[in-house]
Amino acid sequence: MPHSATTRPVTPSDASSIRFHLIRLVVAAVAPVWLIASLLVYHAFLTKREELNRSMLETARSLTRVVDRELGSIEASLSTLATSPSFAAGDLGAVHRQAQQVLRSYPSADILVTDGYGQELLHTSRPFGSTLPRRNNLDSVRRIFQTGKPSVSGLHTGAVSQQPQVSVDVPVYVNGVVKYDLALTLRSEPMAEVLRQASLRPDWYGLILDSNQILVARTGNSERSIGSKIPATLGDAAREGIVESTNLEGAPVMATLCRSALSNWSVLIEVPKAAVLAALYRWAGWTLLAALVLTGLVLGLIFGYARKIADAIQSLVEPALSLGRAEMVPALGSFAVKETAEVAVALEQAYQLLQTRAAQRDQAERELLYTIADLEKQTRERLDALEKLSEKEQLLVQQGRQAAMGEMIGNIANQWRKPLNDLGQLIQQVPITFTKGDLTKKYLDEVARKAGTLMNQMSCTLDEFRNFFRTDKEKVKFRVNAEVQRTLMLLEGSFAKHGIGIEVQGGDDPYIYGYPAEFSQVLLNILMNAQEEFAKKAVLDPRVWITMGRENGRTVVTISDNAGGIPEEIMGKIFDPYFTTKEPKSGTGVGLFMSKTMIEKHMGGLLSVRNNDAGAEFSIEF
C-alpha cells in the first residue's frame, strides 16, 4: 500500500535496540518483585498485629476469668458466713471469731461488719469491742441495704488500714430484712499475685482495673501507680479490640481490654509498640536488601547478554535481505546464540522451500476441495442419523405414554367406581322416599347437592388424568411433594384395590427445575411396575415407601418396595429399550428406558436402582 504524502516510512534508526527492550523486560520483571515484597511486608504487619490482638485478647479474657473466680470465691465464703446464727442472736463477738477462721484462706485480707449508717461494728484487724470509724466507701453500704445483693467496690482508702483497698460486700439478713453489711477488704497484693501467676511474656504488662477504670494491680512498679486512672484512649480498647495509646508512664503501647460481667472490673493487657515493630522492621530491612541485591545482579547480567544477543541478531540482516533477492548469503557470526544459529539455518532451508512452495500450494488446493466435499457428505450423513435417532427416541417416548395411558384408563375406572356406586344409591333412594311420602323440596335439594359433589369429584379426576398427559414445553421450578401427591391420587383406587400400602416421608419439601408432567410419569412408571411385581409374586403385605429430601446439596427422591428386588442378572439391563420381563401382551419394555431418558437427558438428573433388604429401591437425584 503506498504511503501518503504526510506519512514517513519507519526506518531501522527509528526502532529501539534490543538492549533497550531487554532492560524494559527486566524492569517489568523486577517491578512485580518489588510490589510483592511491599505486599509481603504489609501482610506481615497485618498478620503480626492480628496475632498480637488475638493473643492479647485471649490473655485478657483468661485473666478476667481468674479475677472473677477469685472474687466469686470470696463472695461465696462471705455468703456462707452471713448465714451464721450469731447474727440473728446479735452475738457479734462470735461473728468476730468465725471471721478470723474464714481469713485463714485470705491471709492479707480483713473482714468487717457495718450497720446501715456505715458504722463499722467489728473489724478483724482490731480486737472485738474496739472503737471503730465509719467506712469510707459509703456507696457500697448503701447499695447493699438498697438492693440486698452482693457487690464489688472500686478502689478506695480503708477507714482503719488507711491503705488502698477493694471490698466484696454481701448482705446479712435477719428475719428477712438486711441488717448488716458483711465485707471482706483486699489490698492490691492478692490481685498482683494473680497477674504474676499468669506468667505473662517479659515485654507484656497486665493491669487490673475497678469499675471506675482505676488501677487496682499491675505487673512491674505496681505500688507506684496504684489508684491512678488509666488514659481514656486505653478505655476505648474495650470497644475497638486493640488500640494504640500511651501507658501511665507515657510510653507508646498497644493495648486491649476485657470487662467482667460479674464485677464490672476489667483486665488490660499492654505491649510496648517498639517491641512489636522491631521484629517486623528487621524482616522488612532484610527483604528490601535482598531485593536490591537481586535487582543489581539481574541488571548486570542483562547488559552483558544484551550485547551478545544484539550482535548475533545483526549478523542475520544480510542473509534475510538476500533471501528476498532469491539468493543465499551465509550468515556469519550468528552462531554465538543458539536461537540466531537456528534462524540462520532456517533461512537456508526457507530458500529451498520457496522453490517448491508453488507446486505444493496447487496440490494443497486440490486436496482441500476434495476434503471439503467429503466433510459435507459426512455432515449430511450424521445429521440424517441424528434425525432418525431423535425420531426413534420420540417413538419410544410415545409408546411409553400410550402404555401408561392404557394403565391410566384402568385407574380411572377404579377412581370412578365408588362415586358411581354412591350416585346410583342416591338415585335409588328418590323413588323409595317418594313412595313413603317423605319426598320434600329440602330432600330433593340435598340429593341434588350430593349428586353435584359426586359429579364434581369425577370431573376433577378427569382433569387430573388429562393434566397428567400434557406435554410441558418449558422447564419450570416445582415442588417434589406436589407431584408425588398428584401421582398417588391417580393410583389411589388401583392401589386400594390391590391392598397396597404407601408411605411418604420427607423432612422438607425440595424444589426441582424441570418438567413436572415428565417427573410424574417417571413416578407412575416405577409405581405401576411395583404394583405388577406385587401381583406376580403374591406379596402378602405389599408396601411402597417414598422419601424425599436434600443430601449433600442435591435433591434426592427414593421409591422402594418389599417385592423381593430385581434379579442381579438383569439389573444392568432394566433401563435398556424394549427389555421387559413381562409377557409380550403385557408390556413393551420402554417404560424404564423412557423414565431414564426423561430424568437424565431432559432434566439433567440421575436415575438409578439397587436392591435393599426388602426389595428394589429407585433413586432420582438432581
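The values are calculated or read from the model by the stated rules, or taken from the named source; none is laboratory data. Everything numeric here is computed off the predicted structure, so don't read it as measured data. Don't worry about glycine lacking a Cβ; one is built from the backbone with ideal geometry, like all the others, and counts go over all protein chains shown. Protein only, heavy atoms only, side chains kept; ligands, DNA and RNA dropped before computing areas. Shrake-Rupley method; radii C 1.70, N 1.55, O 1.52, S 1.80 Å.
At-a-glance table
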| item | result |
| --- | --- |
| Any pair with Cβ under 6 angstrom, 6 or more apart, that starts in the stretch 496-511 at a residue that is under 26 Å from Asp541 (Cα atoms) and touching a residue at least 24 places away in the same chain (Cβ under 8 Å) and ends at one that is part of a strand (DSSP E or B) and open to solvent by 70 Å² or more (accessible area, probe 1.4 Å) | Gly501/Arg543 |
| Cross-chain or 6+ apart pairs with Cβ under 6 Å, the stretch 193-206 first and not assigned by the TED database to the domain that holds Thr59, then open to solvent by less than 90 Å² (accessible area, probe 1.4 Å) and at pLDDT 80 or above | none |
| Restricting the stretch 457-483 to residues that are assigned to a helix (DSSP H, G or I) and open to solvent by 90 Å² or more (accessible area, probe 1.4 Å), the residue that is modelled with the highest pLDDT | Arg466 |
| Residue list for the stretch 543-571, filter: open to solvent by 70 Å² or more (accessible area, probe 1.4 Å) and either without any contact (Cβ under 8 Å) to a residue 12 or more places away in the chain or farther than 15 Å from Met528 by Cα (or both) | Arg550, Glu551, Asn552, Arg554, Glu568, Glu569 |
| Strands (runs of 3 or more DSSP E) fully within the stretch 493-557 counting 2 or more residues that are within 25 Å of the chain's Cα centre (by Cα) and assigned by the TED database to the domain that holds Lys596 | 511-514, 543-551 |
| Test: residue in the stretch 581-589 that is crowded, with 19+ Cβ neighbours inside 10 Å, modelled with pLDDT under 85 and not β-branched (Val, Ile, Thr) | yes |
